[in-house]
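Heads up, the thing below is written out as structure tokens.
The values are calculated or read from the model by the stated rules, or taken from the named source; none is laboratory data. What you see is a predicted model; the values in this text were computed from it and never measured. No Cβ is skipped: glycine too gets one built from the backbone with ideal geometry, and neighbour counts run over all protein chains shown. Calculation scope for accessible area: heavy atoms of the full protein, side chains included, ligands and nucleic acids excluded. Shrake-Rupley method; radii C 1.70, N 1.55, O 1.52, S 1.80 Å.
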Amino acid sequence: MTRMENLQPDLEEQARQDAVYQAAMASINASKRGVERQGYVVMGGAMSYGEGALGDGWFGKVSHGAKLFMIAFGCAVPPFLVWWVLL
């Protein structure tokens, strides 16, 4: 028959393993929250950029001017490249 003194090391080891398990799970959950937080930051930035670029403020005007410049640049460069290479 076993006595209670013999069970004490097993209980201490189980308590230590429980503590290690809880620490590992907390670390995993913190990592998951960090990844989720980064996703929210990216989406929030994209949404605020979109609203700012379509607005009537300074950033909206600069964004609209940049769009027009890129369209003009895309239309003007190919003929210049053709003239430079072929003529």
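Working from label points 7 Å from Cα in the Cα-to-Cβ sense, the Ala24 to Lys67 distance is 5.3 nm.
A crude spin-label estimate for the pair Arg16 and Val35, with each label 7 Å from Cα along the Cβ direction, gives 3.2 nm.
In the chain, the portion of solvent-accessible area held by carbon and sulfur atoms comes to 70 percent [1.4 Å probe, whole percent, DNA, RNA and ligands not counted].
Considering every pair of different Cα atoms, what Kirkwood radius, in Å, is found for the chain?
On the way: mean 1/r = 0.0508 Å⁻¹.
One decimal place: 19.7 Å for the Kirkwood radius.
Just the accessible area per residue of the stretch 1-85, please: how many Å² with a 1.4 Å probe?
On the way: 7630 Å² over 85 residues.
I get 90 Å² per residue for the stretch 1-85.
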